[in-house]
Amino acid sequence: MRLDSFKHFKTDMYFGIVKSFLAYHPVNTGTKTVFLTFDDGPEPGITEFVLEQLALHQAKATFFCCGCNVAAHPDLYDRLMAEGHAVGNHTYSHLYGPETEPRHYADDVRKCDEILSTSTILFRPPWGILNFWEMFLLRKKRIVLWDVESGDVRPDVELTSILADIDAHTAKGQGIVLFHFSKEHEQRTRLLLPAILEHCTIKGYSFETL
């Protein structure tokens, strides 16, 4: 097996195991609910855009913040909190779990906790993966993954496919949707978020925080 193929295999294996057995799944209330989640920020420009779009649809979301970006842009963090959104920990330095020494990884998560102005047990590992020793060290955290990718990191994915995926999950009652609020993916997020919000609003889905 080629090295890059093995790394993809390991990533998929970790993600699948964590999602199936260890990740948090909201209680299914029977209502069609969309949990919008945003990773990596806050960063200027895109954060304001996301908040404005959410406000237009009276939608609440959960923001998984990197501590380094909270430190750099505390005003944006304070704004999303003031507007009634939930926050979670996304490590301080956006570390890749499988290639990080576990205790260093756990320390980075704690560093992020210290800078967040609210106590939260919600945690999303960058890229959705961490190794089993890191899971043990962070066992008091509630690991949150996702059901649907918004496509803001995947220019090859069509909007119609994303909307169909959201509909398939909400048909079962609910779905967690992954977005980003970072400069790196800003162009696609600006394109997709309004369309997805409009679609979910027309469908009558409710927007809730985790």
Subject >> Selection from segment 125-144 of residues that are surrounded by 20 or more Cβ atoms within 10 Å (Cβ to Cβ) and touching a Gly at 6+ places or on another chain (Cβ under 6 Å) >> reply: PRO125, ILE129, LEU130, GLU134
**OP:** Would you check if there is a residue in segment 97-114 being at pLDDT below 95, surrounded by fewer than 18 Cβ atoms within 10 Å (Cβ to Cβ) and in contact with a Gly (Cβ under 8 Å, 6 or more places away or on another chain)?
**Re:** no
Original post:
Got a number for residues in segment 177-210 being part of a strand (DSSP E or B) and modelled with pLDDT under 95?
Top reply: 1
Original post:
In segment 11-44, what count of residues is obtained for those that are modelled with pLDDT of 95 or more and surrounded by fewer than 18 Cβ atoms within 10 Å (Cβ to Cβ)?
Top reply: 1
Original post:
If you go through segment 151-195 one residue at a time, how many are open to solvent by less than 20 Å² (accessible area, probe 1.4 Å) and without any contact (Cβ under 8 Å) to a residue 60 or more places away in the chain?
Top reply: 4
Original post:
Applying the selection to segment 45-90, what residues are open to solvent by 50 Å² or more (accessible area, probe 1.4 Å) and touching a Leu at 6+ places or on another chain (Cβ under 8 Å)?
Top reply: GLU48, LEU56, LYS60, ARG79, GLU83
Subject >> Residue among PHE123, PHE136, PHE181 that is of a type in the set (A, V, I, L, M, F, W, C), over 19 Å from ALA61 (Cβ atoms) and touching a helix residue (DSSP H, G or I) at 6+ places or on another chain (Cβ under 9 Å) >> reply: PHE136
Original post:
Restricted to segment 88-114, and to residues that are hydrophobic (A, V, I, L, M, F, W, C) and touching a strand residue (DSSP E or B) at 6+ places or on another chain (Cβ under 9 Å), which residue is nearest to ASN69 (Cα to Cα)?
Top reply: CYS112
Subject >> Tabulated pairs, segment 75-86, first at positive phi, second open to solvent by 20 Å² or more (accessible area, probe 1.4 Å) and basic (Lys, Arg), C-beta under 8 angstrom, 6+ apart or interchain >> reply: GLY84/LYS60
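The values are calculated or read from the model by the stated rules, or taken from the named source; none is laboratory data. If you're wondering where the values come from, they're calculated on a predicted model, not measured in any experiment. Glycine also receives a Cβ, built like all others from the backbone with ideal geometry; neighbour counts cover every protein chain displayed. Remember, those area values only see protein heavy atoms, side chains included, never the ligands or the DNA or RNA. Shrake-Rupley method; radii C 1.70, N 1.55, O 1.52, S 1.80 Å.
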